[in-house]
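In what follows, a structure is listed as structure tokens, so that the remarks can point back to it.
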Amino acid sequence: MTTSGTGLFYDGLTSDRHEVAVEVDGDTLRVNAPDGATLAQWRFADIEPLATPTGVLRVGLARDRAAARLEIRDQALATAVLARAKPADRTGLTDRRTRVRVVVLSFAAIASLVGGAIWGVPLLADRIAPQLPIAMEMRLGAAIDMQIRQMLDTSSAGKPFECGNGDDAHALAARAAFAKLVGTLEQSAGLPLALRALVVRRSEVNAITLPGGRIYVFEGLIAKANSVDELAGVLGHEIGHVAHRDGTKAVLESAGLSLLFGMLLGDFTGGGAVVIAARTVLSNAYTRTAETAADEFGAQLMYKVGGDPHALGAILVRVSGTKGVAPHFLLDHPEAQERADLMNRIPQPSPLTALLTPPEWQAIKTICSGG
Amino acid sequence: MTFAEHTDAAAYEAPPGIPAPSPSPVRLCFVGDRRAYWRLMVRGALLQAITLGIYRFWLFTDMRRFLWASTEVEGDTLEYTGTAVELLLGFLMAIGILIPIYALFFLASLEFGLISRLSGVVAFVVLAWFGQYAAYRARRYRLTRTVFRGLRFHQTGSPVRYALRAMLWWIAIGLTLGLAYPWMVANLERYKMRNTFYGDLGGRFTGAGWRLFARGLLIWLLVLGPIAAGIVAVAQVLDWPVIGRALSNPSSPAAWIAVAGSEQNKVAFGLLAGAFSWAVIIGIILYPAYQAIVMRWWLGGLWLGKAAAASDLRMRRYYGAYLRYLFYVLLFSIAFAIVIGGAIGLGVVALRGQIDFSVRSIVRDGAVAAAVIVAYVIYILGVSTIYQVVVKMRLWQVALESMQITNLAALDHVRATAATSSAVGEGLADALGTGGI
């Protein structure tokens, strides 16, 4: 059956308008000039209807670099052509099947990227961090140290940020005692780099470790510690972070998360909230794992030097007070009781070795009261 | 075989439904159906949300197809032939290019000394340059995907040199407090249009910088003038002796408290804050006027061969679009608040007595957090969709309908030359946030 009618033809070589006779013949669309010459002969299998405002059917060859176009305003002819050509939405909307496919493939992509974030990123960070040269970690530590100091060194009211910096006998004794405690632990830990542990003037009950072996023990923690072993337990935990190179790992993990959430996923208006939520949940999962590993390391270290492996758990439970109210996935540390239970599985050495003499401990307790 | 040899368009009468070529100016038409665009955008927003943004390549392609097809020039509409898969691949390639660059800057920031301190500045400059580079290449991609009467547009010129030129202009703008802006736009448009072709027909841009300067000067004076005046006034009012004492002894808190306590200084800071708030408020109010001035000036400078564009764009039509946007956002916000309020109310009633809120629950807290995020995303996406339709599409339409082309017959016998280009520029522009429709 042959349907014919008129149309407008652009040959893709010039912008001239050609008024043409169009013939639908079986699986072929023929475009003829008024003098009968065939301008184009297209197979319906190769033809795609293209986006036009309603009323005009525009067809072209799929993947035609020259962009030849036939426009049909004749409704009967348009219907005949559409009946044979591939279906497409003429308003230019991506068709339903493509949409569904995009959504399904996107879900697959999201699933694999989230999987990559949960397992792949920490795994890669674990593998890469130990391979990086110590010198690089030292530089990273120095860079972070500058920022951290600017952030933390706020409330010392004229006194230096570091405690026990003075030249008086008291400061010297305190420094020596602290260095002795750190030295005992460091010797048994077998670290790839030298520690630089300091007590600093911050009232929070906390201690932090930066890449490159920098440990800052806050004044607030010294005040709350009831025994040498509690302070040593905290130090052991922080030394665990140094041994595991957790600072470097955290940087790598954060870069990995930025790539997955922010660059590959979440780039749409309002997507910032999704990105922040995903990053929070995932990076908390990473740090909870790292904290547990550091607890384990610290407790083992305490056992090795003859200290009390349970002391860290004791101070954690004591200072965390009433149970936290935040849900598990919003915590960057596991809960104190959980951590204490885990460390309590490690036996206490008997007899316990005194890590410092009572005067030495007293000197550390008052390390921040001097200049 | 060339068809042109044995066909002669001039030998035929104009077919029915196509107006005969007229020597008088031809006004462009927007033939899109607003409701169809709403459907496209709402569906696109939802699909973007559930695919965490991956659908955007398909949405952008749909938007362009719609807008191009809605642009009618004397009975012929434009056609956008780009595909979403091209955009996706371009984006992935762009990520591949950017990751090593980001890694390099990270490593550089770890070095001590000058490199470390400079790496932030260098990163900013390099990425800004990349943004301009990407914008130029993205323009080439869009032009080569634009078909009119069976011929493609294309763009020559070097994106590297364009980006360099744009960067130098931005420095000039910084130095002149924005006064150089009109000359920058004129210069960059000249470069872009000089390298723009429809088939073998070259474009050019004749808009003069000083003309835009003259039209925009009032806006500049109204926005930045008070800041300049404010700075001068503040310099007069400030209590210099007190400030001098504080500067000579910067670690003394008392000296700084004296600076903050001085009545003169309070007045000065008030003046400065007032000047800045004025600039922000007036800037927002005058933004549509500024957009309309630039658009009208820009359209009036466009040439393609001997065909020239002119525009009689009215500012009030731009303001109309923005006012309607504010109104729709207000309606949407009210509806959103009612739905959220109702959902919370229903939830509280339905779950009363079943949940003990004094006991912590991971599942409940997680559900609440997820619900808050979902609600936020829906609201922001809703507002952005309203903006896309009520402002973006409307401005496109208004600008288009303001355009008249004289000597349109210059486009009648153009020959094809163009080849297509890759979408890496689009991908870079997307990754760097410098993309556009």
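Derivation of every value follows stated rules applied to the coordinates shown; laboratory data play no part. Predicted, not measured: the structure shown is a model, and the values here were computed from it. All Cβ positions, glycine included, derive from the backbone under ideal geometry; neighbour counts span all protein chains shown.
May I ask you to derive the FRET efficiency for B:Phe106 and A:Ala223 from their Cβ-Cβ distance with R0 = 30 Å, giving the value to the nearest 0.05?
Details: r = 38 Å, r/R0 = 1.27.
The computed FRET efficiency comes out at 0.20.
Limiting things to C-alpha atoms, what are the Rg and the maximum Cα-Cα separation (Dmax) for chain A, in angstroms?
35.7, 114
Assign unit charges at the C-beta atoms only (+1 for Lys and Arg, -1 for Asp and Glu), then state the dipole size of the stretch B:59-203 relative to its Cα centre in Debye, rounded to the nearest 20. It would help to have the intermediate numbers written out before the result.
Details: 15 positive and 9 negative charges, 63 e Å.
In debye, rounded to 20, the stretch B:59-203 gives about 300.
Taking 35 Å as R0, compute the FRET efficiency from the Cβ-Cβ separation of B:Glu401 and A:Val104 and round it to 0.05. Before the final figure, lay out each step's value.
Details: r = 40 Å, r/R0 = 1.16.
With R0 = 35 Å, the Cβ-Cβ based efficiency is 0.30.
Please compute the modelled spin-label separation between B:Ser158 and B:Asp312, points set 7 Å along Cα→Cβ, answer in nm with one decimal.
Each label point is offset 7 Å from its Cα along the Cβ direction, giving 4.4 nm.
So, with +1 on the Cβ of K and R and -1 on the Cβ of D and E, and no other charges, what is the size of the charge dipole of chain A about its Cα centre, to the nearest 20 debye? Working shown, then result.
Details: 36 positive and 39 negative charges, 33 e Å.
I would put it at about 160 debye.
Over the stretch A:182-239, calculate the relative contact order: mean separation of alpha carbon pairs under 8 Å at least 6 apart, over the residue count, as a percent.
Values: 78 pairs, mean separation 18.9, N = 58.
Dividing the mean separation by the residue count of the stretch A:182-239 yields 33 percent.
Would you mind computing, in nm to one decimal, how far apart the modelled labels at B:Trp240 and A:Asn206 are, each placed 7 Å from Cα along Cα→Cβ?
4.5 nm
Determine the gain in length on full extension of the stretch A:Ala21-A:Ala76; use 0.36 nm per residue of separation and subtract their C-alpha separation, reporting nm with one decimal.
Numbers: separation 55, 0.36 × 55 = 19.80 nm, distance 1.38 nm.
Length difference between fully extended and current span is 18.4 nm.
GluC sites (Glu not before Pro), restricted to the stretch A:1-78: which are DSSP loop and have at most 13 other Cβ atoms within 10 Å? Mind showing how you got there, number by number?
Working: sites: A:Glu19, A:Glu23, A:Glu71; in loops: none.
In loop regions of the stretch A:1-78 (DSSP not H, G, I, E or B), there are no sparsely surrounded GluC sites (Glu not before Pro).
Summarise the partner chain shielding of A:125-132 as one whole number: the mean count of Cβ atoms from other chains within 10 Å of each residue's Cβ. Show your work: numbers first, answer last.
Working: counts 0, 0, 0, 0, 0, 0, 0, 0.
For this peptide, the per-residue mean of nearby foreign Cβ atoms is 0.
Got a sec? Charge dipole of the stretch A:225-328, +1 on Cβ for Lys and Arg, -1 for Asp and Glu; which of A:Leu282, A:His244, A:Ser320 is way out at the positive end?
The residue sitting most towards the positive pole is A:Leu282.
For chain A, modelled as a GNM with alpha-carbon contacts under 10 angstrom, which of A:Gly115, A:Gly26, A:Gly164 fluctuates the most?
Of A:Gly115, A:Gly26, A:Gly164, the Gaussian network model singles out A:Gly26 as fluctuating most.
Once the convex hull of the C-alpha atoms of the stretch B:271-364 is built, how many Å³ does it hold per residue, rounded to a whole number?
Working: hull volume 24.7 nm³, N = 94.
It comes to 262 Å³ per residue, whole-number rounded.
Determine the distance separating the Cα centre of the stretch A:262-283 from the Cα centre of the stretch A:286-310; give it in Å without decimals.
Result: 33 Å between the Cα centres.
What is the total of Lys pairs in the protein assembly as shown with C-alpha atoms under 28 Å apart, excluding same-chain pairs fewer than 8 positions apart?
Going through the protein assembly as shown pair by pair, I get 14.
As I understand it, the dipole of the protein assembly as shown uses +1 on the Cβ of Lys and Arg and -1 on the Cβ of Asp and Glu, about the Cα centre. Which of B:Ala409, A:Gly270, B:Ala260 lies farthest toward its positive end?
About the Cα centre, the residue reaching furthest to the positive side is B:Ala409.
Quote the relative contact order of chain A in percent (integer), defining contacts as alpha-carbon pairs under 8 Å separated by 6+ residues. Present the calculation step by step, with values, prior to reporting the outcome.
On the way: 570 pairs, mean separation 52.3, N = 371.
The normalised contact order for chain A reaches 14 percent.
From the square roots a ≥ b ≥ c of the eigenvalues of the alpha-carbon gyration tensor of the stretch A:248-294, which class results: rounded (a/c under 1.5), prolate (a/b over b/c), or oblate?
Details: a/c = 4.51, a/b = 2.04, b/c = 2.21.
Oblate, because a/c is 1.5 or more while a/b does not exceed b/c.
Using +1 on the beta carbon of Lys and Arg, -1 on that of Asp and Glu, and nothing else charged, what's the dipole of the stretch A:59-199 about the Cα centre, debye to 20? Intermediate results must be reported in sequence, preceding the final value.
On the way: 18 positive and 13 negative charges, 247 e Å.
With Lys and Arg at +1 and Asp and Glu at -1, about 1180 debye.
Scanning chain A for trypsin sites (Lys or Arg not before Pro) in DSSP loops with at most 16 other Cβ atoms within 10 Å, what's the longest stretch left with none?
Values: sites that count: A:Arg63, A:Arg65, A:Lys323, A:Arg345.
Here the longest segment lacking exposed loop sites spans A:66-322.
How big is the C-alpha Rg of the stretch A:149-294 next to the rule-of-thumb value 2.2 N^0.38 Å, as a ratio?
Working: Rg = 18.5 Å, N = 146, 2.2 N^0.38 = 14.6 Å.
So the Cα radius of gyration is 1.26 times the expected 2.2 N^0.38 Å.
Taking loop as defined by DSSP and a crowding limit of 15 other beta carbons within 10 Å, which GluC sites (Glu not before Pro) in the stretch A:137-227 fit? Present the calculation step by step, with values, prior to reporting the outcome.
Working: sites: A:Glu137, A:Glu162, A:Glu186, A:Glu204, A:Glu219; in loops: A:Glu204.
Hits after loop and neighbour filter: A:Glu204.
Given the rule -39500 (n - 2.57) for each run of at least 4 DSSP H residues, summed and divided by the residues of chain B, what is its mean residue ellipticity at 222 nm, to the nearest 500 deg cm²/dmol?
Numbers: 14 runs with 285 residues, N = 437.
Calculated at 222 nm, the ellipticity per residue is -22500 deg cm²/dmol.
Can you pull the one-decimal nm distance between simple spin-label points at B:Phe276 and B:Leu46, each 7 Å off the Cα toward Cβ?
Between B:Phe276 and B:Leu46, the simple spin-label model gives 4.4 nm.
Would you mind getting me the FRET efficiency between A:Gln362 and B:Leu127? Use the beta-carbon distance for r and R0 = 41 Å, nearest 0.05. Kindly include the intermediate steps, with their values, before the conclusion.
Numbers: r = 55 Å, r/R0 = 1.35.
So the FRET efficiency works out to roughly 0.15.
How compact is the protein assembly as shown by the rule of thumb for globular proteins, expressed as Cα Rg over 2.2 N^0.38 Å? Please report the intermediate quantities before stating the final value.
On the way: Rg = 34.7 Å, N = 808, 2.2 N^0.38 = 28.0 Å.
That ratio works out to 1.24.
Using a 10 angstrom Cβ neighbour count of at most 10 plus a DSSP loop assignment to flag exposed chymotrypsin sites (Phe, Trp or Tyr not before Pro), which longest range of chain B is free of such sites?
B:113-356
Would you mind calculating the relative contact order of the stretch B:318-412 from Cα pairs under 8 angstrom and at least 6 residues apart, reporting the percent as a whole number?
Answer for the stretch B:318-412 is 66 percent.
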